[in-house]
1. Looking at region 56-95 only, could you name the residues that are among the acidic types (Asp, Glu) and part of a helix (DSSP H, G or I)?
2. Pick from region 265-275 the residues that are open to solvent by 20 Å² or more (accessible area, probe 1.4 Å) and touching a residue at least 40 places away in the same chain (Cβ under 8 Å): which of them is nearest to residue 124 (Cα to Cα)?
3. Within region 230-242, identify whether any single residue is within 16 Å of the ligand (Cβ to nearest atom) and in a strand (DSSP E or B), and answer yes or no.
4. Hey, which of the helices (runs of 4 or more DSSP H) in region 100-170, taking only ones fully inside, have at least 3 residues that are assigned by TED's automatic domain parsing to the domain that holds residue 293 and surrounded by fewer than 16 Cβ atoms within 10 Å (Cβ to Cβ)?
5. Return the residues of region 27-55 that are of a type in the set (Ser, Thr, Tyr) and either loosely packed, with under 13 Cβ neighbours inside 10 Å or not in a helix (DSSP H, G or I) (or both); say none if nothing qualifies.
6. Being more than 30 Å from residue 149 (Cα to Cα) and either without any contact (Cβ under 8 Å) to a residue 40 or more places away in the chain or not hydrophobic (A, V, I, L, M, F, W, C) (or both), is that true of even one residue in region 161-179?
7. Has region 276-286 got any residue that is away from the ligand (no atom under 14 Å from the Cβ), open to solvent by 40 Å² or more (accessible area, probe 1.4 Å) and touching a residue at least 60 places away in the same chain (Cβ under 8 Å)?
8. Condition first: more than 30 Å from residue 217 (Cβ to Cβ) and either modelled with pLDDT of 90 or more or not basic (Lys, Arg) (or both). Can you find one or more residues in region 103-122 that meet it?
Amino acid sequence: MFENLEKIKQQFNEELNRVESKDELERVRVAFLGKKGLVTDALKGLRDLSAEDKKTFGMQVNVLKNEIEEAIVEYQKKIEEQEYLKEINNAPRYDFSIPSDKPLGSLHPITIVQKQIEDIFKTMGFIIEDGLEVQTEYNNFEAVNIPKNHPARDMTDTYYLENGQLLKTHTSAAQNAIMRKYGAPKPGEYLKALFPGRCFRNESIDASHENTFFQMEGMMIGEDISISNLIYFMKVLLTEVFQRDVKVRLRPGFFPFVEPGFELDINCLICGGSGCPTCKHSGWLELLPCGMIHPNVLRMGGIDPDKYTGFAFGLGLTRLAMMKYNIKDIRVFNSGNLKQLRQFTI
Ligand code: PHE
């Protein structure tokens, strides 16, 4: 009986020494400790022993079991280490100091302008949010006060998916979700969010219209937000982006989700105001529609319009990039023409 345990131990050590992989180790574990394993088997002999022997034998089987378990854990570590070293040794080796013979990548001009504006607004405490490109009709229209059959839906006709969802026509589609995510600000605090995104409209494409373009929306909500705050932030934005004084004009503009609503136009920087195809020969470019958030929109976002006010703006990021880099044709942006797109750097 007792010598048998010795034999099991010896046999275990021999087999363990031959193990080279985790699978083999598992096979050895089952052979000794499994339900039909040798150690389990040895316990079956207990029945025929005297009470005294039962106790000592039982104890010794347990000791053996623990020894085997420990040895297996140890061996497992050893194998893992060996496998890890093998992986490292077989991995391809790179020398990062060798200069590349491939052309370097570069940021898309829209990305450059987007990051620049994000940086400006981050320093003013705005959070950057990411709206979905596929939206529900509710988020894109109803939640921003454009009910079914409202004429504004025609102006922003877009691409509908078979499941009834659509490709968002403006970044305003994220307003409701952001209000719901953060809720009304605490007294003395503000909900300040900036949310850039790709937008889609069913447009005939020409030098200044694309069916796929970028906007950058901003929104600030608090207990005492007024039009002065809106104008201040718009001015900071444009001065920082263009790094010079830009002529602007503010006209009343209609958007169902703001009241009052404005169109902030900038003097066309491509022709200097004399008129060109980009500004449709008017000398001005619509760049920054904005306004005070409509009470219905706040209410639908779960924010009490009797207590809170806010402003929102929807910057045409693609147009801004055209102005900043003097790109005359909007079609360049989605062309994938690297020769043209690579010229722009920060
Ligand atoms: N969502 C509007 C558009 O795409 C722009 C806008 C945003 C206007 C916020 C006012 C306030 O035309």
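1. So in region 56-95, the residues among the acidic types (Asp, Glu) come out as 67, 69-70, 74, 80-81, 83, 87, 95.
Selection gives 67, 69, 70, 74, 80, 81, 83, 87.
2. Here the answer is 269.
3. The answer is no, given that none of the residues of region 230-242 is within 16 Å of the ligand (Cβ to nearest atom) and in a strand (DSSP E or B).
4. On the way: elements: 109-123, 137-140, 152-155.
Fully inside region 100-170 and qualifying: 109-123.
5. Kept after step one, since they are of a type in the set (Ser, Thr, Tyr), are these residues of region 27-55: 40, 50.
If the condition is that a residue be of a type in the set (Ser, Thr, Tyr) and either loosely packed, with under 13 Cβ neighbours inside 10 Å or not in a helix (DSSP H, G or I) (or both), then 50 is the only one that fits.
6. No, because not a single residue in region 161-179 is more than 30 Å from residue 149 (Cα to Cα) and either without any contact (Cβ under 8 Å) to a residue 40 or more places away in the chain or not hydrophobic (A, V, I, L, M, F, W, C) (or both).
7. The answer is yes, given that some residue of region 276-286 is away from the ligand (no atom under 14 Å from the Cβ), open to solvent by 40 Å² or more (accessible area, probe 1.4 Å) and touching a residue at least 60 places away in the same chain (Cβ under 8 Å).
8. So the first thing to find is which residues in region 103-122 are more than 30 Å from residue 217 (Cβ to Cβ), and the list is 103-104.
This time we only want the ones that are either modelled with pLDDT of 90 or more or not basic (Lys, Arg) (or both), so: 103-104.
Taking every residue of region 103-122 in turn, at least one turns out to be more than 30 Å from residue 217 (Cβ to Cβ) and either modelled with pLDDT of 90 or more or not basic (Lys, Arg) (or both).
The values are calculated or read from the model by the stated rules, or taken from the named source; none is laboratory data. Everything quoted here is computed from the prediction, not taken from an experiment. Neighbour counts run over all protein chains shown; Cβ positions are idealised from the backbone, glycine included. For the accessible areas, the whole protein counts, side chains as well, though only heavy atoms, and no ligand, DNA or RNA atoms are used. Shrake-Rupley method; radii C 1.70, N 1.55, O 1.52, S 1.80 Å.
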